[in-house]
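**Q** I have a structure I would like to understand better, so I am pasting it below and will then ask my questions one at a time.
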Amino acid sequence: MTQPGTSQHADDDDARILGSLGRIVGDRHVIADAAGRAGFDTDWRGMFAGRSLAVVAPADAAQLADVVRLCAARRLAIVPQGGNTGLCGGATPDTSGRQIVVTLRRMTGLRHLDPEDAVMICDAGVPLAAAQEHAADAGLLLPIAIASAGSATVGGAIATNAGGVNVLHYGSMRRCVMGVEAVLADGTVWSDLGGLHKDNTGFDLSALLAGSEGTLGIITAAALALAPRPSRHLTFLAGLPDLVRANAALAALRARTGEAITAWEVFSATSADLLHAEGPRLSLPLARPHPWYLLGEVSLFGPGDAREERAFEDLAAVLENAGIDDVTPAASGSQRQALWALREGITEAERAVGPSLKHDIAVRPSRIAALATHLADECRRLDPRLRVNIFGHMGDGNLHVNALPLVRDTALPVALAEAVTRMIHDATHAAGGSFSAEHGVGQLKRAEMRRYKDASALRVMQRIKTALDPDGVFNPGKVLP
Ligand code: FAD
Ligand code: MLT
Ligand code: ZN
């Protein structure tokens, strides 16, 4: 890629590039001034600050293909950006001033929604929450639930293979993807939007783009599989002395109930403290405080009071047998929402105290309780002052183990932060786990790729990257070490 220009010649060249981009997408959809770029050049947490040459907003795949061809010819890198809610800096440009941020914010159309086929085809810039509403209007469910859904986009969720609170039953975003349309590095618009439930005709490029974090192509649209919409939920919040009980109760409930257990989320007393002390200052509707909290949900389908009663009896018996006695069930839709507001408010409440050191680990579910206890103990051993905020997707074996700042609004000292991350990732790796269960790699975890990822897997990924993007136009400096 070209180096930052310092001369008049370079300024003229930049002006020519901006002019060419403006002729493709319209001048007002090319943002080159610092104030206009600010929200695109920095990530949601304020962890990464880049400096792009311009932010470009194409209206459709054809315009985007022209932008890609222009950038490839001028050897300018492209950083795709959806809602900019990613937690690993994948959508943030570097500081060279030579990268173009392509935002999908103008591509928000619903192209097709067929309840009979249970498929929705929409543009990649559609916010997840809007896509969920489209599905709901058709009596169906887009089963991906993340707290950032108001801003995160369909394309971003696919590019990061987003997880969330319903993975336990529905899987991550990749499982919803029946096919995508994408602009490839040579400007080809590649389309696989047939919405077929079955198609074994060769390699599955759509599945490959899911989780590629903008390094292999830019997703412009997707065909998404929709699920039946639950008619009722049994949602509860419970207090627990330890995480082992949460696992035991999940296993017992699975054995008893024929219904879908769609969420099995936990959070620690530290999360509860943050929820109470920060932001909307939420309190937990339980009799007493506990070391851990479990937010579980069973989804019911179709009518039938008897089935609901049975499912509720199963749930109550399981919690009682597991020794979980402080339980609040949601008696109405609004109570359900209030319980979910607790779980969904943790990330914002955590951000309010300053830059926490986040981790997103997964091991096999049977190992997660012991690992979480070990990691909390080891953090305290590294520095007894550390407050560790553990929460996440217990049913998937995926927890966020975050060290809060020692001093409000101040990052942890570098040496301590490095020691904490190394300890957490080493222990997770030793337990056969992943250092990034759902947030991806971006620029934050590239070094961890080299350290923990199998060398042969890295070689294959590098070959795929070279085959699809030989000149490194798409999101250089991300994912691959
Ligand atoms: P961006 O942040 O804009 O981009 C993310 C990555 O995808 C970047 O590498 C970018 O280059 C690439 N990209 C974006 N759009 C495209 C495209 N159209 N084509 C190709 N590449 C593209 N994540 C979870 O997995 N589970 C959670 O529970 C969860 N909860 C969250 C809660 C909060 C409050 C916040 C702030 C974030 C949360 N996240 C979660 C992280 C984040 O919301 C997801 O990763 C989301 O999928 C990112 O979507 P986005 O549109 O904002 O993508
Ligand atoms: C969550 O589980 O709430 C998300 O992954 C967000 C986070 O880790 O902060
Ligand atoms: Zn999560």
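The values are calculated or read from the model by the stated rules, or taken from the named source; none is laboratory data. Just so you know, these numbers come straight off a predicted model, no measurement behind them. Here Cβ is always computed from backbone atoms with ideal geometry, including for glycine, and neighbour counts include all displayed protein chains. Side chains are part of the model used for accessible areas, which takes the heavy atoms of the whole protein and leaves out ligands, DNA and RNA. Shrake-Rupley method; radii C 1.70, N 1.55, O 1.52, S 1.80 Å.
**Q** State which residue pairs qualify: first residue under 17 Å from Val165 (Cα atoms) and polar (S, T, N, Q) and inside the range 319-347, second residue open to solvent by 50 Å² or more (accessible area, probe 1.4 Å) and at pLDDT 95 or above in any location, beta carbons under 9 Å apart, and separation of 6 or more residues or different chains.
**A** Matching pairs, first to second residue: Thr347/Ala147.
**Q** Condition (residue is touching a residue at least 60 places away in the same chain (Cβ under 8 Å), in a helix (DSSP H, G or I) and open to solvent by 40 Å² or more (accessible area, probe 1.4 Å)) applied to the range 40-53: is it met by at least one residue?
**A** no
**Q** Let me ask something additional. Mind counting the residues in the range 68-119 that are within 13 Å of ligand 1 (Cβ to nearest atom) and at negative phi?
**A** Within the range 68-119, residues that are within 13 Å of ligand 1 (Cβ to nearest atom) and at negative phi number 27.
**Q** Restricting to the range 219-253, name every residue that is closer than 30 Å to Arg105 by Cα and either assigned to a strand (DSSP E or B) or modelled with pLDDT under 95 (or both).
**A** Listed by number, the residues that qualify are Ile219, Thr220, Ala221, Ala222, Ala223, Leu224, Ala225, Ala227, Pro228.
**Q** Further question: Taking Thr421 as the residue in question, decide whether it is of a type in the set (Ser, Thr, Tyr), surrounded by 14 or more Cβ atoms within 10 Å (Cβ to Cβ), more than 16 Å from ligand 3 (Cβ to nearest atom) and closer than 28 Å to Gly214 by Cα.
**A** Yes; evaluated as a whole, the condition is true for this residue.
**Q** Report, by residue number, each residue of the range 434-464 that is within 16 Å of ligand 1 (Cβ to nearest atom) and of a type in the set (Gly, Ala, Ser).
**A** Ser434, Ser436, Ala437, Gly440, Gly442
**Q** Being among the hydroxyl-bearing types (Ser, Thr, Tyr) and within 16 Å of ligand 1 (Cβ to nearest atom) is true for just one of Thr347, Thr410. Which residue is that? Reasoning before the result, please.
**A** On the way: Thr410 fails: within 16 Å of ligand 1 (Cβ to nearest atom).
It is Thr347.
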